[in-house]
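Trainee: Below you'll find the structure I mean.
The values are calculated or read from the model by the stated rules, or taken from the named source; none is laboratory data. Quantities reported herein were computed from a predicted structural model and do not represent experimental measurements. Every residue, glycine among them, receives a Cβ derived from its backbone with ideal geometry; neighbour counts consider all protein chains shown.
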There are 2 protein chains.
Amino acid sequence: MYDLLKGLRVVEGSAFVAAPTCGLYLAQFGAEVIRFDNIGGGPDFRRWPLADNGSSLYWEGLNKAKKSVALDLSHPEGREVAQRLATAPGDEGGLFVTNFPVDGFLAYDRLAKLRADLICLRVMGWADGSQGMDYTINAALGLPQMTGPADDARPVNHVLAAWDLLTGAWGAFALVSALMARQRDGKGREIRAPLSDIAAASMANMGFMAETLFAGRQRPRMGNDVYGAFGRDFTTRDGEKLMILAITPKQWGKAVEALGLTAEVAALEGELGVSFAIDEGNRFTHRARLYPLFERAFAGRTAAELTPAFDAGGVTWGAYQPLEAALTDPRLYKDNPLFQEVRHPSGLTYAAPGAMGTIPQDQRRPAAPASRLGQHTDEVLSEVLGMDAAEIARLHDAGVVAG
Amino acid sequence: MYDLLKGLRVVEGSAFVAAPTCGLYLAQFGAEVIRFDNIGGGPDFRRWPLADNGSSLYWEGLNKAKKSVALDLSHPEGREVAQRLATAPGDEGGLFVTNFPVDGFLAYDRLAKLRADLICLRVMGWADGSQGMDYTINAALGLPQMTGPADDARPVNHVLAAWDLLTGAWGAFALVSALMARQRDGKGREIRAPLSDIAAASMANMGFMAETLFAGRQRPRMGNDVYGAFGRDFTTRDGEKLMILAITPKQWGKAVEALGLTAEVAALEGELGVSFAIDEGNRFTHRARLYPLFERAFAGRTAAELTPAFDAGGVTWGAYQPLEAALTDPRLYKDNPLFQEVRHPSGLTYAAPGAMGTIPQDQRRPAAPASRLGQHTDEVLSEVLGMDAAEIARLHDAGVVAG
């Protein structure tokens, strides 16, 4: 938690990963982020993984450091409260993050009638408004056919919701950028961020699309080989798998030296008339000749022998470890200053992260947990919308709000 | 291309994906982004995929809309020029994006002596400064063991550099947030964004870490099954693979109805005494009972029959298509307004994307290509550093700059 965005007020009407991470990053930089949900929870409130008591570890991870308001969004008055929240006044407000449908009761045109300078970050599936999620967008872009062992033709979906995460972070960037523009020109804007466009643009940014355009077909599946350079998993004498990677000349030189392959690699360079050091593409082109050298070198040593040699030699490498090992890895979790013990709405206490980056000049404030659903309903109705106690009580009695 | 950040000047000293995408997003929102590279190109200048003429499609994709300066970074004077660029004056300058080592000639403390209010976004591998890349961080977090077919124990690296992309976008958000803070408090800051922390925090944000902490071991590998809900690829009568997904009750109802499975699913619910509609976890728990129903329904229909039925029924689904098919998909590439035909530094003309999101209120400016390496050296030395023609000529003659 840092205070870079202290003073900003952001309202979030969201579910799942992309829009909630956008709000999360804003909250972890000190913005007041108010998430509203349906009474009883939105479509992600029971999403797995679950704690033993049924609470969602997913929901409480994605909504840390936010305030929570519970509304009946099927009720016209509940919808009106949501609209008023999204468009509440204040120079540092009027910032709304959502993945609600582009043409529904939270459509930009409707909200702009209540606040003309509203900035809205709208996460979408497909750009035309049709349903799309991380998995189906991946399938449309060839990634599951490029992923997985070369000797298996079945499509492999990767388990990381990468486009969701990217959309959330890019969305936070876009929202703050639009705020800077509004401070200059006073204009409201909707920024539409469909997963389909974020994914298509990213594939193009990394050259996948131009490559396929000129080759006529996409990159073939090649298991764990790092495309265009040298990298793969190799098996040690004691059966451990280690990933080694050499993109730069320096990385290559260190890997070859640490494995004692200098003479053998030089001989192969002589035979082929190429330099592996200068051009990483040569390592990729001739990888079928290089792999046996590396396989033998790994097979002759244990992981316990290779670890200090790789670290001392500055090799770019990594062991494959399950996540339970990562939890005891001081670099990742156990002693990582990003993480602090926090009591979560599930009632469980476990270490959770604050802001993902570190600012040496500022004091890091401890990670803050998610709120109980509806925990801030009354506070927000009073402070943000200026309702009096009688009005708030009426909304409770009518079942329009809860908490 | 939009003008949200018009007027900002960002200097980028970078390579690979994370830091360059940070600069790319800033440039596509109208900031002036000046990337400096070694004369002849940095370590990513020849990165695959390559065009037939040897130009990197990767490099020209990641550096669109930026200016380019070429310096000899092994030369003390070249390093000094880089330092002066990163810290050049101006209220809307003093913004530096880099993945150069944290303690080298571009260390924050050194640069802060030249400009005390410098904002620096520093992409790192591991937080302790040691070498780490997307692949090795993934391996340390268990993802390759969770990815791939359940009947194959080999680790599967996914091909998408997801942490790189996330770090770039989050970094752009952090940089602009730090600028907003500087406008308030006048302070400079370094924001360190190690892939290891971005990845560990993200796994925790989505609940993976808490799940593993309480279960004692990570989520098992389960092929293409969507965790905690209903989703998988199924094969049609004509051998096509389609991904179908149902997280919300609405998505589930539509999938069941479109496949004509209402009665069979109701019978299974009766037998098991559960509701699949209300609780997506039940669909996951009992997926071994549900899959045969869906397998039979898909096997009885062709993809051509299912496509209109799914679309008309509002089902969340997607075909697995290779990237060459995505290039003819009007939603992704062919008619996607993000993409415009551009002549790139490779000499090739092909459609490339501008800003990843869309702002209906603003006019989208066409995508801009990358620059030729060193194309703006003289212009930048003159306009940003105020050098006269004689000084610039001297630097050229000494081999300190090129372009």
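Trainee: When the residues of the stretch A:241-293 are filtered to those that are in contact (Cβ under 8 Å) with a residue 12 or more places away in the chain, under 34 Å from the mean Cα position of the chain (by Cα) and more than 17 Å from A:T316 (Cβ to Cβ), which remaining residue is surrounded by the most Cβ atoms within 10 Å (Cβ to Cβ)?
Mentor: A:G281
Trainee: Taking the conditions exactly as written (within 21 Å of B:M203 (Cα to Cα), touching a His at 6+ places or on another chain (Cβ under 9 Å), of a type in the set (S, T, Y) and modelled with pLDDT of 95 or more), does A:T167 satisfy them or not?
Mentor: no
Trainee: Do you know which of the residues in the stretch A:149-175 that are among the aliphatic types (A, V, I, L, M) and touching a strand residue (DSSP E or B) at 6+ places or on another chain (Cβ under 9 Å) is farthest from B:F29 (Cα to Cα)?
Mentor: Step by step, filter the stretch A:149-175, then rank; the result is A:A172.
Trainee: Evaluate the stretch B:126-136: report whether one residue or more is assigned to a loop (DSSP other than H, G, I, E, B), out of contact with any Ser or Thr (no Cβ under 7 Å at 6 or more places or on another chain) and either in contact (Cβ under 8 Å) with a residue 24 or more places away in the chain or buried (at least 24 other Cβ atoms within 10 Å of the Cβ) (or both).
Mentor: Yes, the stretch B:126-136 contains at least one residue that is assigned to a loop (DSSP other than H, G, I, E, B), out of contact with any Ser or Thr (no Cβ under 7 Å at 6 or more places or on another chain) and either in contact (Cβ under 8 Å) with a residue 24 or more places away in the chain or buried (at least 24 other Cβ atoms within 10 Å of the Cβ) (or both).
Trainee: Go through (1) free of Cβ contacts under 8 Å to residues at least 24 places away in the same chain; (2) more than 18 Å from A:G354 (Cβ to Cβ) and name the single condition B:M206 misses.
Mentor: The number of the failed condition is (2).
Per-residue answers, yes or no, for (1) at positive phi; (2) within 11 Å of another protein chain (Cβ to nearest Cβ); (3) surrounded by 24 or more Cβ atoms within 10 Å (Cβ to Cβ):
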| position | (1), (2), (3) |
| --- | --- |
| B:V11 | no, no, yes |
| B:Y25 | no, yes, yes |
| B:Q28 | no, yes, yes |
| B:I34 | no, no, yes |
| B:P49 | no, yes, no |
| B:S56 | no, yes, yes |
| B:G61 | no, yes, yes |
| B:K64 | no, yes, yes |
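Trainee: Continuing with this model, one more query. Answer yes or no: is there a residue in the stretch B:350-363 that is among the aliphatic types (A, V, I, L, M), free of Cβ contacts under 8 Å to residues at least 12 places away in the same chain and buried (at least 19 other Cβ atoms within 10 Å of the Cβ).
Mentor: Checked against the condition, which is being among the aliphatic types (A, V, I, L, M), free of Cβ contacts under 8 Å to residues at least 12 places away in the same chain and buried (at least 19 other Cβ atoms within 10 Å of the Cβ), the stretch B:350-363 yields no hits at all.
Trainee: Given the conditions (1) assigned to a helix (DSSP H, G or I); (2) crowded, with 20+ Cβ neighbours inside 10 Å, which single one is not true for B:E80?
Mentor: (2)
Trainee: Identify all residues within the stretch B:136-180 that are more than 8 Å from chain A (Cβ to nearest Cβ) and of a type in the set (K, R); write none if there are none.
Mentor: Within the stretch B:136-180, none qualify.
Trainee: Residues in the stretch B:318-328 that are assigned to a loop (DSSP other than H, G, I, E, B) and at the interface with chain A (Cβ under 7 Å from one of its Cβ atoms): how many?
Mentor: Looking only at that region, the number is 4.
Trainee: Further, regarding this structure: I'd like the full set of residues that are of a type outside the set (A, V, I, L, M, F, W, C), touching a Leu at 6+ places or on another chain (Cβ under 9 Å) and either under 23 Å from B:W170 (Cβ atoms) or at the interface with chain B (Cβ under 7 Å from one of its Cβ atoms) (or both), limited to the stretch A:345-366.
Mentor: A:Y350, A:P353, A:G354, A:G357, A:T358, A:D362, A:R364
Trainee: I would also like to ask the following. Taking only the stretch A:30-69 into account, find how many residues are farther than 24 Å from B:A229 by Cα and either assigned to a strand (DSSP E or B) or out of contact with any Lys or Arg (no Cβ under 8 Å at 6 or more places or on another chain) (or both).
Mentor: Of the residues in the stretch A:30-69, 7 are farther than 24 Å from B:A229 by Cα and either assigned to a strand (DSSP E or B) or out of contact with any Lys or Arg (no Cβ under 8 Å at 6 or more places or on another chain) (or both).
Trainee: Do you know which residues across the stretch A:196-214 are in a helix (DSSP H, G or I) and under 23 Å from the mean Cα position of the chain (by Cα)?
Mentor: Hits for the stretch A:196-214 are A:S196, A:D197, A:I198, A:A199, A:A200, A:A201, A:S202, A:M203, A:A204, A:N205, A:F208, A:M209.
Trainee: Also: Just one of (1) at the interface with another protein chain (Cβ under 8 Å from one of its Cβ atoms); (2) free of Cβ contacts under 8 Å to residues at least 60 places away in the same chain trips up A:S74, so point out which.
Mentor: Of everything listed in (1) at the interface with another protein chain (Cβ under 8 Å from one of its Cβ atoms); (2) free of Cβ contacts under 8 Å to residues at least 60 places away in the same chain, A:S74 misses just condition (1).
Trainee: Which of the residues that make up the stretch B:6-40 are farther than 23 Å from A:M209 by Cα, of a type outside the set (D, E, K, R) and touching a strand residue (DSSP E or B) at 6+ places or on another chain (Cβ under 9 Å)?
Mentor: Result: B:G7, B:L8, B:V10, B:V11, B:G13, B:A31, B:V33, B:I34, B:F36, B:N38, B:I39, B:G40.
Trainee: Based on this model, can you work out whether A:Q183 counts as surrounded by fewer than 24 Cβ atoms within 10 Å (Cβ to Cβ), more than 7 Å from every other protein chain (Cβ to nearest Cβ) and of a type outside the set (S, T, Y)?
Mentor: So A:Q183 passes the test.
Trainee: Still on this model: Filter the stretch B:313-349 down to residues that are small (G, A, S) and in contact (Cβ under 8 Å) with a residue 24 or more places away in the chain and give me whichever is farthest from B:L62 (Cα to Cα).
Mentor: Step by step, filter the stretch B:313-349, then rank; the result is B:G313.
Trainee: Among (1) farther than 30 Å from B:T235 by Cα; (2) within 12 Å of chain B (Cβ to nearest Cβ); (3) surrounded by fewer than 24 Cβ atoms within 10 Å (Cβ to Cβ); (4) touching a Lys or Arg at 6+ places or on another chain (Cβ under 9 Å), there is one condition A:D109 misses while meeting the rest; what is its number?
Mentor: All conditions pass for A:D109, except number (4).
Trainee: Continuing with this model, one more query. Which one is surrounded by the fewest Cβ atoms within 10 Å (Cβ to Cβ) among residues in the stretch A:215-236 that are more than 7 Å from chain B (Cβ to nearest Cβ) and either part of a helix (DSSP H, G or I) or among the aliphatic types (A, V, I, L, M) (or both)?
Mentor: A:A215
Trainee: I'd like the full set of residues that are aliphatic (A, V, I, L, M) and either modelled with pLDDT under 95 or touching a helix residue (DSSP H, G or I) at 6+ places or on another chain (Cβ under 8 Å) (or both), limited to the stretch B:6-24.
Mentor: B:L8, B:V10, B:V11, B:V17, B:A18, B:A19, B:L24
Trainee: Residues that are more than 30 Å from B:M222 (Cα to Cα), at pLDDT 95 or above and hydroxyl-bearing (S, T, Y): does the stretch B:115-137 have at least one?
Mentor: No: the stretch B:115-137 contains no residue that is more than 30 Å from B:M222 (Cα to Cα), at pLDDT 95 or above and hydroxyl-bearing (S, T, Y).
Trainee: Now for a different question. Do any helices (runs of 4 or more DSSP H) entirely within the stretch B:255-317 hold 1 or more residues that are away from every other protein chain (no Cβ under 14 Å) and at pLDDT 95 or above, and if so, which?
Mentor: B:262-272, B:287-299, B:303-313
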